[in-house]
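The values are calculated or read from the model by the stated rules, or taken from the named source; none is laboratory data. Computed from a prediction, not measured in an experiment: that's the story for all the values here. Cβ sites come from the backbone with ideal geometry, for glycine too, and all protein chains shown count toward neighbours.
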Amino acid sequence: MQFSHAPDIWNLHGALVPGVLAVAGLHARAPVSDALAAFHATAAQRLAAAPESEWPEVQAWRRAYSRMGFKPTQYRCASESLLRRLRLDGHLPRIHPLIDLCNAASVAFAIPVAVFDLDFVQGDLQVILARGTESFETFSGDIERPEPGEVIFADAGGRAHARRWVHRQSGTSAVREGTRHALIVAEAQHAQAPEHVPRLVEALARALRAAWGSAPRTGVLSASAPRFDAGLTD
């Protein structure tokens, strides 16, 4: 299975820096509390100094959404939504160790982090401009059609696994109790993304090794090296 961004995405978003991890041997009993506490503390310290809307990582995604024709405060990137919830509620809900870990890393670095159960992705996964024929299954089971030109994560079977880029994921490939293989994608567009994304990838890789004893395959992509081979085996 390969993950990539279509050439159109690189052409329209030249500042994009994606980081990718593929991990096997997952289960829902992994101890992640220490890692969560450290990530959350980092986010809380930054939030005490300034609200998330003022952070360069969030502002870069807001500009990207404006360029795509979306109102940024209507369609927030995933990291902004999580940071806003953390600021208002003081905590994030616990869902599954892997989701909790990725959400915690997302707020610590203010970078959207998506995680997909690879057993529910058909063939390769690519970030593309939607044709409008793809199907997107919500968490409630409803089926939607992305708008033509909308940025989505699409697999070889024509299923959209995320809509409006880093705004909302599909229920189809959501991590669940039986998830064993996952692809994690972090994407940033701010000026320091070339420095911050590799740091996020390494921090997640360390946490994954500590919690599951599994060494993930990792990569940082670019327009000149846009493909990542998951290469997973049990």
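Filtering the stretch 103-129 to residues that are outside any helix (DSSP H, G or I) and under 19 Å from W61 (Cα atoms) leaves A110, I111, P112, V113, A114, V115, V127, I128, L129. Across the stretch 181-216, the qualifying residues are those that are in a loop (DSSP other than H, G, I, E, B) and modelled with pLDDT of 95 or more, and the one among them that is farthest from the chain's Cα centre (by Cα) is G213.
Screening the candidates H167, H181 for the property of being touching a Cys at 6+ places or on another chain (Cβ under 7 Å) and either of a type outside the set (S, T, N, Q) or over 24 Å from D100 (Cβ atoms) (or both) yields one hit, H167.
Tallying residues that are surrounded by fewer than 18 Cβ atoms within 10 Å (Cβ to Cβ) and of a type outside the set (S, T, Y) within the stretch 48-61 yields 7.
Cβ-Cβ distances below 9 Å connect the following pairs, each with a first residue in the stretch 210-221 that is more than 22 Å from H196 (Cβ to Cβ) and hydroxyl-bearing (S, T, Y), a second residue that is in a loop (DSSP other than H, G, I, E, B) and at pLDDT 95 or above, and a separation of six or more residues or different chains: S214/A24; S214/G25; S214/L26. Of the candidates E177, E195, E150, E137, the single residue that is on the phi < 0 side of the Ramachandran plot and buried (at least 20 other Cβ atoms within 10 Å of the Cβ) is E150.
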